[in-house]
Amino acid sequence: MKSRGSRCLSPSKKKIAFAGPWITKKEVQYVRDGVLYGFYETFDQHVRKLEQTVCEYIGARYAIATHCCTLALHLACETLGFKEGDEVICTDFSWVATAYAISYTGATPVFVDIDPKTWCIDPDAIERAITKKTKGIMLVHTFGHPSDMDRIMVIARKYQLKVVEDAAPALGSTYKGKHVGTFGDIGCFSFHGAKIAVSGEGGILVTNNEEYYKKAKLLASMGRTDSRAVFWSDMLGFQYTIANLTASLALAQVERIEELVARKRQIHSWYREALDGVSGIDLLEEQGDVRSNYCYPSLLLPRHMRLERDVILAKLKALNIHARPAFPRMSEFPLYAPSRFPNPVATRVAAQGISLPSAGNLTKRDVFFVGKALNAILQEMRR
Ligand SMILES: Cc1ncc(COP(=O)(O)O)c(C=O)c1O
């Protein structure tokens, strides 16, 4: 596809935003209800309904809505008993919340590599990292693409490891027809403003295990039991529960989740069309019997290293196109000792990966403008 260069393009008048919600009258109505009626007898009505709706949608037995997904992940790690001296095998490629949730408990994340086609944790790398201290696996359904759950659960059973699914961006994604977040011991989703279903901040922990549910519930509400007196607390807990008002917005979005997934998948299919024939990019696609919610359509620029990749992002931004670089390797953060494994795939993706805009208000025209701009910039860089 020949292009005259990105300087011949005028910036988009509309901000082609990386992320952002799709809000309808329903959300406004639910938030209004939350403001007017979310107190007194009905102080937690949206929270209960949100938990029930997520359970029914993904096929889980129990849910606890939290202030954000980071706290749900911490709650998961505490509930499963990770502690100092334990090792938890963790993908090296994620937002830092994934690793810090392990570190909050005193356990050590052991960072392993990812699969080049999905950017999710590599099951072979998990098995190579197991030691006598290994207690669990923390995986991420990266950018909405499901991890290889069959292989991961075989490894978990073989070595008796607990599994936390960080499904922060992956509500609505399925693996072999089953919702992500329901394979491991505990799954966690985010309703952060940049996710598929949003409430500003917000998260939810799900599990099918009654014992974990009870423990997590207690931990999330200051260990309060009222067992010996009103306000009695039996364990060191946290104040991690979601506000009803926040839950009112999350609930409206979750009730529309199939519509939101369809929109994200539509945006991804427009990218596939718009980038067809553009050389020098590898667009991430579904692998195997999965449904990705394509929360963040992403691609690799195999001919460009980090500095050039960042120039490409800056040129896109000059055209009012807000794409995002891939995550750096968490194992390189100052908190952690040098990684036991070199993790070459995560290293490459950190330097060459980008995620494209996929805000809820994008049109086909916007997406094709991104495709045209990217093509023009890549050709310019080759000259
Ligand atoms: C993979 C992953 N895990 C955890 C989180 C944390 O979610 P929250 O912002 O709701 O705490 C995020 C948020 O971006 C994420 O992308």
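The values are calculated or read from the model by the stated rules, or taken from the named source; none is laboratory data. Here the structure is a predicted model, which means the values were calculated and not measured. As a convention, Cβ positions derive from the backbone with ideal geometry for all residues, glycine included, and neighbour counts pool all protein chains shown.
Taking the options L313, L299, name whichever one is in a strand (DSSP E or B) and under 24 Å from the mean Cα position of the chain (by Cα).
Exactly one of L313, L299 is in a strand (DSSP E or B) and under 24 Å from the mean Cα position of the chain (by Cα), namely L299.
For (1) aromatic (F, W, Y); (2) more than 30 Å from D33 (Cα to Cα), each residue gets a yes or a no:
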position: I257; (1), (2): no, no
position: V261; (1), (2): no, no
position: E273; (1), (2): no, yes
position: D276; (1), (2): no, yes
position: N293; (1), (2): no, no
position: L313; (1), (2): no, yes
position: F327; (1), (2): yes, yes
position: P338; (1), (2): no, yes
position: R348; (1), (2): no, yes
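So which of T108, T98, T91, T79 is crowded, with 24+ Cβ neighbours inside 10 Å, under 18 Å from Q160 (Cα atoms) and polar (S, T, N, Q)?
Result: T79 is the single residue among T108, T98, T91, T79 that is crowded, with 24+ Cβ neighbours inside 10 Å, under 18 Å from Q160 (Cα atoms) and polar (S, T, N, Q).
So the check is Cβ under 8 Å with 6+ separation or different chains; which pairs have a first residue in segment 226-246 that's part of a strand (DSSP E or B) and a second one that's of a type in the set (K, R)?
Here the result reads S233/R224, each pair linking segment 226-246 to a residue that is of a type in the set (K, R).
So that you can scan it fast, the table gives a plain yes or no per residue for (1) surrounded by 20 or more Cβ atoms within 10 Å (Cβ to Cβ); (2) under 30 Å from A129 (Cβ atoms):
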| position | (1), (2) |
| --- | --- |
| C295 | yes, yes |
| L300 | yes, yes |
| I312 | yes, no |
| L335 | no, yes |
| I377 | yes, no |
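Could you list, in sequence order, the residues of segment 343-364 that are part of a helix (DSSP H, G or I) and in contact (Cβ under 8 Å) with a residue 24 or more places away in the chain?
P344, V345, A346, R348, V349, A350, A351, Q352, K364
Which residues, counting only those in segment 200-218, are away from the ligand (no atom under 11 Å from the Cβ), in contact (Cβ under 8 Å) with a residue 60 or more places away in the chain and either part of a helix (DSSP H, G or I) or of a type in the set (V, I, T) (or both)?
V206, T207, E210, Y212, Y213, K215, A216, K217, listed by residue number.
Looking at S190, S221, S227, which one is of a type in the set (S, T, Y) and surrounded by 17 or more Cβ atoms within 10 Å (Cβ to Cβ)?
The unique qualifying residue is S190.
Name every residue in segment 163-183 that is within 11 Å of the ligand (Cβ to nearest atom) and of a type in the set (V, I, T), in order of residue number.
The one that is within 11 Å of the ligand (Cβ to nearest atom) and of a type in the set (V, I, T): V164.
Give the residue, chosen from E273, E285, that is out of contact with any Asp or Glu (no Cβ under 7 Å at 6 or more places or on another chain), assigned to a loop (DSSP other than H, G, I, E, B), at pLDDT 95 or above and not assigned by TED's automatic domain parsing to the domain that holds D148.
Being out of contact with any Asp or Glu (no Cβ under 7 Å at 6 or more places or on another chain), assigned to a loop (DSSP other than H, G, I, E, B), at pLDDT 95 or above and not assigned by TED's automatic domain parsing to the domain that holds D148 holds for just one of E273, E285, which is E285.
List the strands (runs of 3 or more DSSP E) that sit entirely inside segment 51-134 and contain at least 2 residues that are within 12 Å of the ligand (Cβ to nearest atom).
Where strands (runs of 3 or more DSSP E) fall fully within segment 51-134 and carry at least 2 residues being within 12 Å of the ligand (Cβ to nearest atom), they are 62-66, 87-91.
Given the residues I155, I186, which is the only one that is away from the ligand (no atom under 16 Å from the Cβ) and either over 18 Å from A97 (Cα atoms) or touching a Ser or Thr at 6+ places or on another chain (Cβ under 8 Å) (or both)?
I155
Can you name every residue in segment 24-44 that is surrounded by fewer than 16 Cβ atoms within 10 Å (Cβ to Cβ) and either within 30 Å of L313 (Cα to Cα) or among the aliphatic types (A, V, I, L, M) (or both)?
V28, V35, L36
List every residue pair whose Cβ atoms lie under 7 Å apart, where the two residues are 6 or more positions apart in sequence or sit on different chains, the first residue falls within segment 69-82 and is over 22 Å from G200 (Cβ atoms) and in the same structural domain as L161 (by TED's automatic domain parsing), and the second residue, located anywhere, is among the aliphatic types (A, V, I, L, M) and in a helix (DSSP H, G or I).
C77/A101; C77/I102; E78/L219; T79/A216; T79/L219; F82/I102
Exactly one condition in (1) surrounded by 23 or more Cβ atoms within 10 Å (Cβ to Cβ); (2) not in a strand (DSSP E or B) is false for I155; which is it?
Here I155 meets the rest and fails (1).
Go through segment 323-339 and give me each residue that's in a loop (DSSP other than H, G, I, E, B) and modelled with pLDDT of 95 or more.
Across segment 323-339, the qualifying residues are A323, A326, F327, P328, R329, F333, P334, L335, Y336.
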